[in-house]
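Nothing in this text is a laboratory measurement; each read-out follows from the coordinates by a stated rule. Keep in mind that this is a model prediction, so the values were computed, not measured. Virtual Cβ from ideal backbone geometry, glycine too; neighbours counted across all protein chains shown.
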Amino acid sequence: MTVLSNHTTETEKKIWLLLETVTDPEVPVLSVLDLGIIRNVSVEPSGENNVKPVITITPTYSGCPAMDVISINIRMVLLQAGFKDIEIKQVLSPAWTTEWMSTEGKNKLKAYGIAPPQYKQAVCTPDAFQEEEAIQCPQCNSWHTTLISQFGSTACKALYRCEDCKEPFDYFKCH
Amino acid sequence: MNTSLINYTLHLADNALILGHRNSEWCGHGPALEQDIAISNIALDGIGQARNLYQYAAVLSNNGATEDSLAYLRDVIDFKNLLITELPNGDWAQTTLRQFLFSAYQFYFYQQLEKSADQQLAAIATKSLKEVTYHLRWSSEWVIRLGDGTAESHDKMVKAIAEIWNYTGELFLPASYEKELAASGIAVDLAVIQPLWEQKVSAVFAEATIAIPEKSFAQKGGKEGIHTEHLGYILAEMQFLQRAYPGAEW
């Protein structure tokens, strides 16, 4: 019994390390772990002397087209590591939030030129023309920036402009 | 009970898909690049919500139906979407006004559905509500910007209201399957969200300097499969590929 659970834990550890190499196809600096979309990893017995990884993921946005690609990429990485029987489950609850993004992920986003989400959601109400929270320009670090649109190049981003360096930039919006 | 739950889930899925399809018609035609991207993102959120709901309806049906067969292989009479979602886009005033009226409805609707006795519907509601919050904010701003804008934009918004208002009554008329499920705590009680919606619409219209029309005749039937002529044209375009090449995948 102890041996089996040790074995399982080691396999799980190995799977977590493999998942670190799977990235978001639309924001390739972020791993699926940085994004916070991996909700659980477990290992079940499969046939004789085999184990089946069961990975539970949750989508960022309902219509995010990256989710299907991410599922395929997780499967590929696990197949390459020698797992044959793999299950990837999708759950909707609890709903994903940008608060699950790792600090490392936020730093990577900024270095990549995308303003990371605020640590705590400040503005998330449906009221029109509300005062925007200050978002720092990822290029020149100025706080003197203006929202252009709450909708950007992907579902998870808003579009901003820096009034100092004049560059437009993406902001990974609070969700 | 199960048939009612399937019908209810399809009603919600069809709302999201048909309005998502309508909004996607703006892709590449928006009045400015940023707004083209905004309406396309809203379309994508709608189609994503529809997928979650169709997947659930397929599980409930347990007869080999899939999210694809439910979207692509049902005919007009099987669709249960609200008539307001299938109306043509019209101009930008009509598109943003329709989005506002519908997003305000969806916002309060999903807030109630979060408390549904059905766990999967509650999970989909919580997920979708975050997206709808952005839609409601964006569309409120457009109604105000155009209504309280120039004489021309104001006129266009007034015209849009005359065009769409008769289709808002249906939002609060429960279908038979809705009444049954509301009694068991699964479906949203529409009487609860109607005053919230009216309050929101009044506040935004007041800021937009436009008047709420007097009570008028409510077009209805969508929830029970009785549609305007427009839905057939949407399905003809949306379902063409699956009808011409059954089972095609990419």
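Setting aside same-chain residues fewer than 8 positions from B:Lys159, which lysines have a Cα under 17 Å from its Cα?
Of all the lysines, those that pass the test against B:Lys159 - Cα under 17 Å, at least 8 places apart if same chain - are B:Lys215.
Below 8 Å, C-alpha to C-alpha, sequence gap of six or more: please give me the relative contact order for chain A in percent. Present the calculation step by step, with values, prior to reporting the outcome.
On the way: 281 pairs, mean separation 30.3, N = 175.
Over chain A, the number comes to 17 percent.
Tell me, what are the semi-axes, in whole angstrom and largest first, of the equivalent ellipsoid of region B:2-244 as set by the roots of 5 times the Cα gyration tensor eigenvalues? Spell out each step's value before the answer.
Values: eigenvalues 157, 86, 53 Å².
Semi-axes, largest first: 28, 21, 16 Å.
With Cβ to Cβ distances under 12 Å as the rule, what net charge do the other residues near B:His154 carry (K, R +1; D, E -1)?
Details: positive: B:Arg145, B:Lys156, B:Lys159; negative: B:Asp148, B:Glu152, B:Asp155.
Around B:His154, the surrounding residues sum to 0.
Only counting other Cβ atoms within 10 Å, I'd like A:Ser42, B:Ser140 sorted with the fewest neighbours first. Kindly include the intermediate steps, with their values, before the conclusion.
Values: A:Ser42 16, B:Ser140 25.
Going from sparsest to densest Cβ surroundings: A:Ser42, B:Ser140.
Mind listing the lone cysteines of chain A, meaning no other Cys beta-carbon sits under 4.7 Å from theirs?
A:Cys64, A:Cys124, A:Cys156, A:Cys174
Let me confirm one metric for peptide B:52-63, namely the mean number of other chain beta-carbon atoms within 10 Å of its residues' beta-carbons. Intermediate results must be reported in sequence, preceding the final value.
Values: counts 5, 1, 0, 1, 1, 0, 0, 0, 0, 0, 0, 0.
Average neighbour count from other chains, rounded to a whole number: 1.
Just add up the charged neighbours of B:Phe172: K/R +1, D/E -1, any other residue whose Cβ is under 12 Å from the Cβ of B:Phe172. All intermediate terms of the calculation are to be shown ahead of the outcome.
Values: positive: B:Lys220, B:Lys223; negative: B:Glu170, B:Glu178, B:Asp189, B:Glu198.
Surrounding charge for B:Phe172 is -2.
Averaging sequence separations of C-alpha pairs under 8 Å and six or more residues apart, then dividing by the length of region B:2-244, give the relative contact order as a whole percent.
Values: 335 pairs, mean separation 62.9, N = 243.
Relative contact order comes out at 26 percent.
What shape does region A:99-172 have by the C-alpha gyration tensor, where a ≥ b ≥ c are the square roots of the eigenvalues, rounded means a/c under 1.5, and otherwise prolate means a/b greater than b/c and oblate the rest?
On the way: a/c = 1.57, a/b = 1.07, b/c = 1.47.
Here region A:99-172 falls in the oblate category.
Given charges of +1 on the Cβ of Lys and Arg and -1 on the Cβ of Asp and Glu, with all other atoms neutral, how large is the dipole of the protein assembly as shown about its Cα centre, in debye to the nearest 20?
Working: 33 positive and 51 negative charges, 114 e Å.
About 540 debye.
Along the positive direction of the dipole of region A:99-172 (beta-carbon charges: Lys, Arg +1; Asp, Glu -1; about the Cα centre), which of A:Cys140, A:Gln150, A:Thr125 reaches farthest?
A:Cys140
Add +1 for every Lys or Arg and -1 for every Asp or Glu among the other residues with Cβ under 12 Å from the Cβ of B:Leu241, and state the total. Can you show the working numbers first?
On the way: positive: B:Arg243; negative: B:Asp68, B:Glu237, B:Glu249.
Taking every other residue near B:Leu241 into account, the sum is -2.
Viscosity 0.890 mPa s, temperature 25 °C: give me the Stokes-Einstein translational D for region A:2-96 in µm²/s, with Rh taken as the Kirkwood radius over C-alpha pairs.
Numbers: Rh = 13.8 Å.
Translational diffusion coefficient: 178 µm²/s.
Of B:Pro88, B:Leu190, B:Leu241, whose Cα points farthest to the positive end of the dipole of region B:2-244 (charges on the beta-carbon: +1 Lys, Arg; -1 Asp, Glu; origin at the Cα centre)?
B:Leu190
Rounded to the nearest 20 Debye, what is the dipole magnitude of region A:99-172 about its Cα centre when Lys and Arg each give +1 and Asp and Glu each give -1 at the C-beta?
Working: 7 positive and 10 negative charges, 58 e Å.
So the magnitude is around 280 debye.
Any lysines with Cα under 21 Å of the A:Lys157 Cα? List them, leaving off those in the same chain fewer than 8 positions away.
A:Lys106, A:Lys108, A:Lys110, A:Lys120, A:Lys166, A:Lys173, B:Lys127, B:Lys130
Over region B:125-201, calculate the relative contact order: mean separation of alpha carbon pairs under 8 Å at least 6 apart, over the residue count, as a percent. Before the final figure, lay out each step's value.
Working: 23 pairs, mean separation 10.7, N = 77.
Value for region B:125-201: 14 percent.
Work out from phi, with θ = phi - 60° and the Karplus expression 6.51 cos²θ - 1.76 cosθ + 1.60, the ³J(HN,Hα) of each residue of region A:57-65, listed in order in whole Hz, and give x for Gly and Pro.
10, 10, x, 6, 10, 3, x, 5, x
Could you give the length gained by full extension between B:Ala206 and B:Lys179, i.e. 0.36 nm per residue of separation minus their alpha carbon distance, to one decimal place?
Additional length available on full extension: 6.4 nm.
Which of A:Thr103, B:Thr126, B:Thr66 has the fewest other C-beta atoms within 10 Å, and how do the rest follow up to the most?
Least to most surrounded, the residues fall as A:Thr103, B:Thr66, B:Thr126.
Diagonalise the Cα gyration tensor of region A:33-76 and give the resulting equivalent ellipsoid semi-axes, square root of 5 times each eigenvalue, largest first, whole Å. It would help to have the intermediate numbers written out before the result.
Details: eigenvalues 122, 26, 12 Å².
In descending order the semi-axes read 25, 11, 8 Å.
Would you work out which of A:Thr56, A:Ser46, A:Val29 lies farthest towards the positive end of the dipole of region A:2-96? Charges go on Cβ: Lys and Arg +1, Asp and Glu -1.
Projecting each Cα onto the dipole axis, the largest value belongs to A:Ser46.
For region B:120-196, what does the alpha-carbon gyration tensor say about shape, rounded, prolate or oblate, given a ≥ b ≥ c as the root eigenvalues, a/c under 1.5 as rounded, and a/b over b/c as prolate? Mind dumping the intermediate values first?
Working: a/c = 3.93, a/b = 1.80, b/c = 2.18.
Because a/c hits 1.5 or more and a/b fails to exceed b/c, region B:120-196 counts as oblate.
For peptide A:52-60, what's the mean number of Cβ atoms from other chains within 10 Å of each residue's Cβ?
Details: counts 0, 0, 0, 0, 0, 0, 2, 4, 1.
Mean partner-chain Cβ count within 10 Å for A:52-60: 1.
Treating only the Cβ of Lys, Arg, Asp and Glu as charged (+1, +1, -1, -1), what charge dipole size does chain B show about its Cα centre? Round to the nearest 20 debye. Kindly include the intermediate steps, with their values, before the conclusion.
Values: 18 positive and 30 negative charges, 74 e Å.
Value, rounded to 20: 360 debye.
Enumerate the amide H contacts of B:Leu173 below 5 Å, restricted to partners 5 or more residues apart or on another chain; note that Pro and chain-start residues carry no placed amide H.
The list, which skips near neighbours in sequence, is empty: none.
If each of A:His144 and B:Glu214 carries a label point 7 Å out from its Cα toward its Cβ, how far apart are those two points in nm?
5.6 nm
Take peptides B:235-247, B:147-159, B:89-101, B:208-220 and line them up by average Cβ neighbours within 10 Å, highest first, as a rough protection proxy. Walk me through the numbers before you get to the answer.
Numbers: B:235-247: 12.2, B:147-159: 15.8, B:89-101: 21.9, B:208-220: 13.7.
By packing density, highest mean first, the sequence is B:89-101, B:147-159, B:208-220, B:235-247.
Give the order of A:Asp170, B:Asp14, B:Asp75, A:Asp127 when sorted by the count of other beta carbons within 10 angstrom, beginning with the fewest. Don't skip to the answer; put the middle values down first.
Values: A:Asp170 20, B:Asp14 28, B:Asp75 11, A:Asp127 14.
In order of increasing Cβ crowding within 10 Å: B:Asp75, A:Asp127, A:Asp170, B:Asp14.
Which of the three applies to the protein assembly as shown, rounded, prolate or oblate, going by the alpha-carbon gyration tensor with a ≥ b ≥ c and a/c under 1.5 meaning rounded?
Values: a/c = 2.00, a/b = 1.28, b/c = 1.57.
Verdict is oblate for the protein assembly as shown.
Using the alpha carbon gyration tensor of chain A, what are the three equivalent-ellipsoid semi-axes (square root of 5 times each eigenvalue), largest first, in whole Å? Please list the in-between numbers first.
Values: eigenvalues 281, 47, 36 Å².
In descending order the semi-axes read 37, 15, 13 Å.
For A:86-94, what's the mean count of beta carbons from other chains sitting within 10 Å of each residue's beta carbon?
Details: counts 0, 0, 0, 0, 2, 1, 11, 8, 3.
Average neighbour count from other chains, rounded to a whole number: 3.
Using the basic label-point model (7 angstrom from Cα toward the beta carbon), what is the A:Glu132 to B:Asp68 distance in nanometres?
Going from the A:Glu132 label point to the B:Asp68 one covers 4.1 nm.
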